[in-house]
Amino acid sequence: MKIFEFLRRIALLLGVGCFLWLWFAGPPVLLEVSRADFAAQYERQYGKRQYGLMGVMELGDKLIREQTNPGSLEAFTARQTQHKLLTAGDSNWAVFYRSLPAQAAFYGIDQPPFAAIRPQIQTLFLRSQMAVMYIPVVDGSRTAHIEIHYRNRPRETKAPTQLLYPYRLRAWLWLAGALLVYFLLPGMRRSGGSAAYSRIAPLALDAMGLLFAAFFFGLSLYVVNSTDEVFGSEFGMSLFLWAVGCAGLILVMWAAKIASYRIMASSSAICVDTLWRRREIPFSEMSEIGYLVRGDIRIGIFVRSRDGRTIKLDWAGLLGFDAVLAAINSAQVRRAEDAPA
Amino acid sequence: MSQDAPELSWAVEMPLLTNRFFLYDMLKLFFWVAVLLGVLLTVTFAFGGSLKNLPPILKMFALILGGIFFLFVLISWIFFGNRFPMRFRINSWGVGWSSLSRRSRLANRAAVIAGVASGSLAGTGAGLLAISQESGQLAWEKVQTVKKYPAECVITLMNSWRVVIRLFCTPENYADVARLVDACSARNRAGAAAK
């Protein structure tokens, strides 16, 4: 039963950790895809413009336009797509082009149809560091272009949540599983004649520990652009946040320790249960007992056995310690001088 | 000790994070600070006509309060070692208490010195306020309610609207303290009724 106090907390921490990881996990790259409209761009840059008030900037802009030969739309298109073209031999791209909505759409780089040209996209981005690429497609009698924006900070885009955080539904399962294990695994109960901590104490420590651990672990996942960076470029910062969050883990383990702590007194012996072991000293083997003091404050008692072992029993926060005291007093063990805690 | 004993004095180490009364009082404090801050900010922003700017400010205050809570827990746990030594005294006049924590006294005085040195009125004030809370007393005539928790060895004394002090006892002296508290408060009630 004692080990359950440890296991249920490990399950809780793991479950909440997995929940947070899956909650924030998402692709490191998204592609923002739209139909390239070079005619509109050409018009914006070189078309006639109706100026309102003519300031210095507007006069300069007008002069540049008058001095510049924009060339044809085809030449402009060639300039815009130079070194940014992806070669896609598949004729299905034309169908894809026609299916694109008027607004930009978002796709994962491993999602069809882009999965087939993923190496090309990544090579082009790494080589040129240009975030815009084009796929030429034959649309009827003309050549059109699919415009692809390589977004390596997906959380800053307007992509739908399902694409940014695709595992969120699965994350809830982990949280629900962890809570189920935590609450369904049987915990230790205080029986009559034993001293133990109130059930509120470990519960409160669990809550605080979990809150702190989850906050700092979650923060390390929240501040990065994608969860890949946690073990990559932002590993140092993540490590620091996890170290701070470790305070929460220690609180939870402390809760396991105090939840499993029991002092049981019977008519013949005192038994001390901790998370990992059980010590029993029969009254017949006790050589002396005395008060533990810190400063001039009595904080508990100690029991010394004939083989020299000493068990220190701090009574602060323990419920029912009077029963243990009564059992020891009735055993009429020799009194010792007070000992420092 | 007999029931008519005029005075009882004892020292005890009060647990902190493993003490449900401390946890409850801590949560109550943070809850009311959050509520007060929320109300004050909402009213201020409402009068300024910029309620739409309120959520990010509230979010920031929630984070600050969370950070203070984290520090509060860490200080209770690491700085105080999850214990706070106190001395209590009960006599026919009332109840007195004082902190025996050297760390707490040192921290309070350090706060005053740091506040004065840095010219911070808030820091100095907080330190002085903490020093004034290191000890206190409560006359029986002001005690309205006595609540006893024998399992935890704690007795709560309340005035007409709030908890004033919790008497933390040892498993050995709880029964004596409870008897004396009962006797003194009964005597005081009888005296008040006679008037």
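The values are calculated or read from the model by the stated rules, or taken from the named source; none is laboratory data. Since we're looking at a predicted model, the values are computed, not measured. Note: ideal-geometry Cβ built from the backbone for every residue, glycine included; neighbour counts use all protein chains shown.
Descriptive notes on the structure:
- Taken residue by residue, the stretch A:212-230 has at least one member that is within 14 Å of chain B (Cβ to nearest Cβ), assigned to a loop (DSSP other than H, G, I, E, B), out of contact with any Pro (no Cβ under 6 Å at 6 or more places or on another chain) and under 23 Å from A:Leu14 (Cβ atoms).
- Selection within the stretch A:94-110 - under 10 Å from A:Arg35 (Cα atoms), exposed (fewer than 14 other Cβ atoms within 10 Å of the Cβ) and not small (Gly, Ala, Ser): A:Arg98, A:Pro101, A:Gln103
- Filtered by the rule that a residue be of a type outside the set (Asp, Glu), more than 7 Å from chain B (Cβ to nearest Cβ) and touching a strand residue (DSSP E or B) at 6+ places or on another chain (Cβ under 6 Å), the stretch A:306-322 gives A:Arg306, A:Thr310, A:Ile311, A:Lys312, A:Leu313, A:Leu318.
- Residues of the stretch A:117-156 satisfying the condition of being outside any helix (DSSP H, G or I) and of a type in the set (D, E, K, R): A:Asp139, A:Arg142, A:Glu147, A:Arg151, A:Arg153
- Within the stretch A:247-267, the set of residues being hydroxyl-bearing (Ser, Thr, Tyr) and surrounded by 20 or more Cβ atoms within 10 Å (Cβ to Cβ) comprises A:Ser260, A:Tyr261.
- For A:Tyr197, the criteria (1) in contact (Cβ under 8 Å) with a residue 60 or more places away in the chain; (2) under 16 Å from A:Leu13 (Cβ atoms) hold in every case but one, which is (2).
- Test: residue in the stretch A:233-241 that is within 14 Å of another protein chain (Cβ to nearest Cβ), in a helix (DSSP H, G or I) and farther than 17 Å from A:Ile10 by Cα: yes
- Number of residues in the stretch B:1-53 that are outside any strand (DSSP E or B), in contact (Cβ under 8 Å) with a residue 12 or more places away in the chain, away from every other protein chain (no Cβ under 14 Å) and surrounded by 12 or more Cβ atoms within 10 Å (Cβ to Cβ) equals 9.
- The one condition from (1) surrounded by 15 or more Cβ atoms within 10 Å (Cβ to Cβ); (2) more than 10 Å from every other protein chain (Cβ to nearest Cβ) that A:Arg298 does not meet is (2).
- Restricting the stretch A:195-210 to residues that are in contact with a Gly (Cβ under 7 Å, 6 or more places away or on another chain) and part of a helix (DSSP H, G or I) leaves a set whose member that is farthest from the other protein chains (Cβ to nearest Cβ) is A:Leu210.
- Number of the condition not met by B:Leu71 [criteria: (1) farther than 21 Å from A:Leu205 by Cα; (2) surrounded by fewer than 12 Cβ atoms within 10 Å (Cβ to Cβ); (3) without any contact (Cβ under 8 Å) to a residue 40 or more places away in the chain]: (1)
- Close pairs (8 angstrom Cβ cut-off, 6 or more residues apart or separate chains): in the same structural domain as A:Trp93 (by TED's automatic domain parsing) in the stretch A:129-148, among the acidic types (Asp, Glu) anywhere: A:Val132/A:Glu147; A:Met133/A:Glu147; A:Tyr134/A:Glu147; A:Ile148/A:Glu32
- Scanning the stretch B:128-179 for residues that are away from every other protein chain (no Cβ under 14 Å), in contact with a Lys or Arg (Cβ under 7 Å, 6 or more places away or on another chain) and surrounded by 18 or more Cβ atoms within 10 Å (Cβ to Cβ) returns a single hit, B:Ile155.
- Residue in the stretch A:276-290 that is within 13 Å of chain B (Cβ to nearest Cβ) and under 45 Å from the mean Cα position of the chain (by Cα) present: no
- Residue within the stretch B:54-66 that is facing another protein chain (nearest Cβ under 10 Å) and either surrounded by 10 or more Cβ atoms within 10 Å (Cβ to Cβ) or under 30 Å from A:Leu241 (Cβ atoms) (or both) present: yes
- Counting only residues that are touching a residue at least 40 places away in the same chain (Cβ under 8 Å) and either closer than 11 Å to A:Ala195 by Cβ or assigned to a helix (DSSP H, G or I) (or both), the stretch A:308-321 holds 7 of them.
- All conditions but one from (1) within 14 Å of chain B (Cβ to nearest Cβ); (2) in a strand (DSSP E or B); (3) of a type outside the set (Ser, Thr, Tyr) apply to A:Ala255; the one that does not is (2).
- Restricted to the stretch A:1-80, the set of helices (runs of 4 or more DSSP H) holding at least 2 residues that are of a type in the set (A, V, I, L, M, F, W, C) and buried (at least 17 other Cβ atoms within 10 Å of the Cβ) comprises A:2-24.
- Of the residues making up the stretch B:76-91, one or more are in contact with a strand residue (DSSP E or B) (Cβ under 8 Å, 6 or more places away or on another chain), away from chain A (no Cβ under 12 Å) and not hydrophobic (A, V, I, L, M, F, W, C).
- Among the residues of the stretch A:180-213, the ones that are crowded, with 18+ Cβ neighbours inside 10 Å, more than 18 Å from B:Asn82 (Cβ to Cβ) and aliphatic (A, V, I, L, M) come to 4 in all.
- The stretch B:180-195 - residue that is in contact (Cβ under 8 Å) with a residue 12 or more places away in the chain and among the aliphatic types (A, V, I, L, M) and, of those, surrounded by the most Cβ atoms within 10 Å (Cβ to Cβ): B:Leu180
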